[in-house]
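Q: Handing you a structure now.
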Amino acid sequence: MARLLSIDFGKKRTGIAVTDEFQIIASGLTTVETHNLMPFLKDYFAKEKVETVIVGDPKRLNNEPSEVVPLIEQFLEKFRKEFPDIIVKKVDERFTSKIAFQSMIDSGLKKKQRQNKALIDEIAATIILQDYLNQK
């Protein structure tokens, strides 16, 4: 089987998580600067087989799209042209950053570590992917 990969897209940084080949466990992979996302994905897809990419769809509490949605749509347009064989699914990502931050507190990370926004993005991507697996 191929892996699933999730993206917590942000204006500055993008968190990335992947599953194992059996699509059972979601694990944080890394956080990359968003302007380096496509080169990173090209390199990763050359090394690993990925069947589906799950992209967080940020919405406000009133169900309106957040301000980053147009950037996500631009990215997805380029992504689909570059990787037409990879399935793309969007999932609601409301509260994932808050859940990620709370999980950092619950796991006992020190305040300095909890200020690492890149780690929060990576954990948020992992939560998005785990939620997707749980619904599947």
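Q: Would you please name the residue that is nearest to Ala2 (Cα to Cα), looking only at residues in region 79-99 that are outside any loop (DSSP other than H, G, I, E, B) and at pLDDT below 90?
A: Only one residue tops the list, namely Val91.
Q: Looking at region 6-30 only, could you name the residues that are within 22 Å of Pro70 (Cβ to Cβ) and aliphatic (A, V, I, L, M)?
A: Ile7, Ile16
Q: Can you go through Leu76, Leu37 and tell me which one is modelled with pLDDT of 95 or more, within 15 Å of Ala125 (Cα to Cα) and in a helix (DSSP H, G or I)?
A: Leu37
Q: Filter region 41-70 for residues that are under 19 Å from Ala125 (Cβ atoms) and in contact with a Ser or Thr (Cβ under 8 Å, 6 or more places away or on another chain) and give the result.
A: Val53, Ile54, Val55, Gly56, Pro58, Lys59, listed by residue number.
Q: Before we move on, is Gln102 outside any strand (DSSP E or B), more than 13 Å from the chain's Cα centre (by Cα) and either modelled with pLDDT of 85 or more or exposed (fewer than 15 other Cβ atoms within 10 Å of the Cβ) (or both)?
A: It is true that Gln102 is outside any strand (DSSP E or B), more than 13 Å from the chain's Cα centre (by Cα) and either modelled with pLDDT of 85 or more or exposed (fewer than 15 other Cβ atoms within 10 Å of the Cβ) (or both).
To keep it simple, each residue is scored yes or no on (1) surrounded by 11 or more Cβ atoms within 10 Å (Cβ to Cβ); (2) in contact (Cβ under 8 Å) with a residue 40 or more places away in the chain; (3) of a type in the set (S, T, N, Q).
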site: Ala46; (1), (2), (3): no, no, no
site: Leu61; (1), (2), (3): no, no, no
site: Ile72; (1), (2), (3): yes, yes, no
site: Arg80; (1), (2), (3): yes, no, no
site: Lys89; (1), (2), (3): yes, yes, no
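The values are calculated or read from the model by the stated rules, or taken from the named source; none is laboratory data. Just so it is clear, the model here is predicted, and its values are computed rather than measured. Ideal geometry is used to build each Cβ from the backbone, glycine not excepted, and the neighbour counts take in all protein chains shown.
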